[in-house]
Amino acid sequence: MSDMNPEYLITFTTILVSGIGIILGTAIVAIVEGRAVIKALDGITRQPESANDIRTTLLISMALLESSSIYVLLVILILIFANPMITQFFN
Amino acid sequence: MESITPQIIFYVFGIPINSTIISTWIGMLLIIILAAITSRYFPHALDMLGEFLSSMVSGIMTADNVDEYLPLLGSLAIFVAVANSIGIIPILSAPTSDINTPIALALVVFFGVYFYGIRKKGIINYFKELASPIFLLPFEIIGQVSRTVSLSLRLFGNILSGEMISAIVFGLLPLIAPLPFIGLGLFLGILQAYVFTALASLYIDLAIATEN
């Protein structure tokens, strides 16, 4: 790998990191959100009269959880479309 | 780079007008026309919309009367919902898929929180309660800034990812395959409008809550 053209090396690393990152960033968040949904459904089946409160809280907390996945996506979008290394070194 | 920043269409007196601004204008025009038609011919539909927004906000806030906060939160909900959904018109791109629009909306919420908090408690009391144990003040400031950033980035990332996924599938198989993703994008846009409004009302509720 050391005899590689540095531009190729940076592109290769970017693609590798983007693939691994989006997998980890979405899979972990999906698992955690699934646990939240399981608990909320438990609560709704146990107390159907409080379904509205539980739903509101569930949506808000899922939006807060989701944002960490969105951060991963944004970092990867910046890496792919506006990579600071490439614009700094190869222009 | 050109994929996540908007393209400049033309200049007005040296000010660049990009595609986001045009689709925002079209969205505003749509809201105004729809509001005019509905208020003239179907006033009950407008009543129902107001009632729905009011019950949604009052389900989240602990304040007794939410009419005071409804103008800001309701217009945020309507604007964000229209701005997220307008991306399905083929030429236009959603205004919220450009980072500038969500940041502007989040700044409105940021200053709205201070406005309502100061109006409810008075300027001295509000800042005294903000820094009640004085060593918690830095964390409070960090929290205020980071929740504004996350509010804007959440909206931006969701809408941008929806648009990009349907664009990628369109590039692969343009005929019918993108339809489910466009539908998913519409659903996520409406859900994000709800989440944005819910979080904005939560922040305002935290600012106006009294200690007891």
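The values are calculated or read from the model by the stated rules, or taken from the named source; none is laboratory data. Remember, it's a predicted structure, so these values are computed and weren't measured experimentally. Positions of Cβ are generated from backbone atoms using ideal geometry, with glycine treated the same way; all protein chains shown enter the neighbour counts. All accessible areas refer to the heavy atoms of the entire protein, side chains included, with ligands and DNA or RNA removed. Shrake-Rupley method; radii C 1.70, N 1.55, O 1.52, S 1.80 Å.
Computed from Cα positions, the angle between helix B:19-41 and the longest principal axis of chain B comes to roughly 80 degrees.
Cα-based radius of gyration for the protein assembly as shown, normalised by 2.2 N^0.38 Å, reads 1.13.
Let me know the mean shielding of B:152-158 by other chains, meaning the per-residue number of their Cβ atoms within 10 Å of its Cβ.
For peptide B:152-158, the averaged partner shielding equals 5.
Only the Cβ atoms of Lys and Arg (+1) and of Asp and Glu (-1) were treated as charged; on that basis the dipole of the range B:53-153 about its Cα centre amounts to roughly 180 debye. Label-to-label distance for B:PHE187 and B:GLN144 is 3.9 nm, based on points extended 7 Å past Cα in the beta-carbon direction.
Spin-label model, A:MET4/A:SER68: points 7 Å from Cα along the beta carbon direction are separated by 3.0 nm. Surface exposure of the protein assembly as shown, expressed per residue as accessible area with a 1.4 Å probe, stands at 61 Å². Between the range B:172-201 and the range B:74-105, the C-alpha centres lie 11 angstrom from each other. Legend: mean number of C-beta atoms from other chains within 10 angstrom of residue C-beta atoms, peptide A:52-59, equals 2.
What is chain A by shape, rounded, prolate or oblate, if you read a ≥ b ≥ c off the alpha carbon gyration tensor as root eigenvalues and call it rounded for a/c under 1.5, prolate for a/b larger than b/c, and oblate otherwise? In terms of gyration-tensor shape, prolate.
Interface of B with A. Using a 1.4 Å probe and counting protein heavy atoms only, the two chains hide about 1500 Å² of accessible surface, both sides summed.
What FRET efficiency comes out for the pair B:PHE170/A:ILE22, r = Cβ-Cβ distance, R0 = 22 Å, nearest 0.05? Write down the numbers at each step before the final one.
Working: r = 20 Å, r/R0 = 0.91.
E between B:PHE170 and A:ILE22, to the nearest 0.05, is 0.65.
Under 18 Å from a point placed 7 Å out from the Cα of A:LEU59 along the Cα-to-Cβ direction: which residues of the range B:177-192 have their backbone N that close? From the range B:177-192, the list is B:184-192.
Note on B:THR210/A:VAL75: beta-carbon distance plugged into 1/(1 + (r/R0)^6) with R0 of 35 Å gives a FRET efficiency of 0.30. With the helix formula -39500 (n - 2.57) applied to DSSP H stretches of n ≥ 4, chain B reaches a computed 222 nm mean residue ellipticity of -25500 deg cm²/dmol. In a reduced charge model with +1 at each Lys and Arg Cβ and -1 at each Asp and Glu Cβ, the protein assembly as shown shows a dipole moment near 140 debye about its Cα centre. Global size of the range B:8-208: 19.2, 61 Å for Rg and Dmax (C-alpha atoms, Rg to one decimal, Dmax whole).
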